[in-house]
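The values are calculated or read from the model by the stated rules, or taken from the named source; none is laboratory data. Since the structure is predicted, the reported quantities are computational estimates derived from the model, not experimental observations. Quick reminder, even Gly has a Cβ in these numbers, built from the backbone with ideal geometry, and neighbours come from all protein chains shown.
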């Protein structure tokens with residue numbers, strides 16, 4: 001799972017992309033733009049000049065976004081607004097949307113798709129489509145759960161400071177302290193928005209508060225939040241390189257200590273910084289988190305016992321919108337539910353084949369039990385066992401990295417690290433997720449494995465998880481997108497869940513072709529993770545569309561995949577607070593597989609797996625329908641719509 005959100009070009013025979021292919025001024029250009037100019041053809045030089053002006057326009061727009069979003073700037077390694085948080089008020093959001101609408105109108109007035117390269121025409125379409133998505137999301141702004149256990153702002157703000165705010169100078173440290181001071185007002189803006197949602201009946205399900213309230217308390221537990229502040233004498237000792245803080249440290253104070261201590265600066269400057277940081281934490285951060293906790297406790301007493309979004313005002317329409325945005329298709333809740341049931345049946349069959357390979361006697365449920373209870377499949381739930389798991393995941397990724405040149409022409413430059421989820425958030429965080437690298441190389445991509453409960457991280461699933469989150473999955477796709485040259489930044493740093501998560505799930509299966517999963521139990525682990533994605537189609541639509549109670553969804557998970565009730569409950573709790581998101585994985589994977597099979601048929605003996613992969617990755621993240629167009633172009637298939645076909649259990653032609 002990609003644990004973040006940030007609001008290509010001309011293909012060649014090899015599948016690699018180029019920004020300046022003048023041949024696209026001909027028939028191929030006109031086919032993509034959808035315009036017919038008869039015998040009148042634009043000159044190649046005019047096409048390139050018009051496209052260059054469009055690219056410059058997109059850069060202006062992206063610069064506006066950076067200026068209006070200091071957190072976006074930081075995530076990109078840009079220090080503008082380094083001392084500030086985003087303005088998340090309704091007024092600012094309304095202004096963002098108005099600015100975007102004006103910019104779309106300006107684009108349509110100034111630029112003619114018929115005078116653009118194929119890549120330029122694609123950017124034109126995507127910019128317009130991105131705005132339409134933003135308009136739809138803004139319509140449902142009140143429906144967002146702002147303080148849930150998965151993506152709650154109370155935890156996200158801390159993670160942002162820990163992982164994205166780099167401190168390499170005194171100025172960076174001063175900005176860090178300013179952000180600590182500003183965290184209180186930022187959270188109070190979020191409280192205002194959350195209260196506005198509550199006023200119209202948008203409250204989180206009751207169980208979520210049992211995660212969110214302790215999660216907020218954890219952030220203001222430990223130094224310097226004691227009854228008395230840390231004295232200047234103690235601070236003077238703490239800035240020493242070999243200082244060993246005594247007692248528990250709150251997450252933000254521990255981070256401030258680490259970053260200030262590492263500075264190349266005089267001790268008195270470091271002490272002054274820590275004095276300011278402590279004051280900000282005690283006088284701004286603590287009261288804000290106490291206000292968050294008070295609000296959550298109040299809302300917990302007012303919410304109902306149902307869980308799906310159908311219970312919310314206009315819940316059915318909201319879920320339909322979420323499905324369309326997450327999958328980039330028009331598939332209905334009923335269709336997705338049916339696809340899930342069919343995929344669960346298929347994967348159970350493949351699992352039975354694994355049982356035969358390992359000579360297991362008994363039914364599938366017994367095999368699940370065996371895999372859940374045999375200790376050979378688990379690291380010890382100790383610091384040593386947790387460290388061993390992270391090391392093995394890193395080793396699996398490194399072994400896969402060596403295989404990449406045989407399967408991909410384009411490779412990422414950004415580095416990748418494997419880390420355990422930090423103690424302060426491991427109880428509520430997801431099982432595994434990925435954070436993107438900084439474009440300038442100052443921050444690596446990070447695959448986080450949640451070692452809170454080693455029972456939830458069986459070794460037979462280790463490979464598939466590592467390939468999904470790391471290489472050739474999320475890290476490869478996202479790093480390559482960021483590193484693409486000659487395409488607008490809004491495309492390099494944009495995203496579509498069905499594309500990104502579909503690619504991650506596709507890579508779990510691809511890894512088998514690349515020689516992974518030599519142990520049949522690891523191959524079973526791959527099937528287990530794919531089965532989880534199929535089950536998500538069933539339970540997500542069950543919860544939010546068919547009005548299943550939470551326990552019914554938990555029971556379905558327990559009946560159809562390995563795992564104990566606590567893990568099944570945690571999975572379902574994730575799907576409840578992130579409605580629709582879980583459906584994107586398998587829908588995206590199935591479409592990539594379908595496009596690959598079509599390309600094989602079209603190209604026959606000339607099919608090149610490197611060319612296919614470079615085509616899929618070479619334009620950045622795309623909606624599934626546009627991805628299909630790009631693959632069809634590479635396959636030399638017509639770009640006109642094809643009749644819907646039913647393969648893998650659903651109509652991909654939608």
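Annotations for the structure displayed:
- Helices (runs of 4 or more DSSP H) wholly inside the stretch 257-342 containing at least 3 residues that are crowded, with 17+ Cβ neighbours inside 10 Å, in contact with a helix residue (DSSP H, G or I) (Cβ under 7 Å, 6 or more places away or on another chain) and at pLDDT below 95: none
- The set of residues in the stretch 378-390 being surrounded by fewer than 18 Cβ atoms within 10 Å (Cβ to Cβ), touching a helix residue (DSSP H, G or I) at 6+ places or on another chain (Cβ under 8 Å) and part of a helix (DSSP H, G or I) consists of 385 alone.
- Given (1) at pLDDT 90 or above; (2) under 20 Å from the mean Cα position of the chain (by Cα), index of the condition residue 458 fails: (2)
- Residue ranges of helices (runs of 4 or more DSSP H) in the stretch 6-104 with at least 2 members at pLDDT below 90: 27-33
- Against the numbered list (1) surrounded by fewer than 20 Cβ atoms within 10 Å (Cβ to Cβ); (2) part of a loop (DSSP other than H, G, I, E, B), residue 490 comes up short only at (2).
- Among the numbered conditions (1) closer than 27 Å to residue 498 by Cβ; (2) out of contact with any strand residue (DSSP E or B) (no Cβ under 9 Å at 6 or more places or on another chain); (3) at pLDDT 95 or above, the only one that residue 402 does not meet is (1).
- In the set (1) farther than 23 Å from residue 146 by Cα; (2) modelled with pLDDT of 95 or more, the condition left unmet by residue 580 is number (1).
- Of the residues making up the stretch 496-519, those that are buried (at least 24 other Cβ atoms within 10 Å of the Cβ) and part of a loop (DSSP other than H, G, I, E, B) number 1.
- Qualifying residues in the stretch 439-451 (those that are part of a loop (DSSP other than H, G, I, E, B) and buried (at least 19 other Cβ atoms within 10 Å of the Cβ)) - the one farthest from the chain's Cα centre (by Cα): 451
- For residue 214: the one exception among (1) out of contact with any helix residue (DSSP H, G or I) (no Cβ under 6 Å at 6 or more places or on another chain); (2) over 26 Å from residue 148 (Cα atoms): (2)
- Residue match in the stretch 535-546 (condition: over 22 Å from residue 468 (Cβ atoms) and surrounded by fewer than 20 Cβ atoms within 10 Å (Cβ to Cβ)): yes
- Selection count where residues are assigned to a loop (DSSP other than H, G, I, E, B) and farther than 18 Å from residue 251 by Cβ, scope the stretch 114-164: 7
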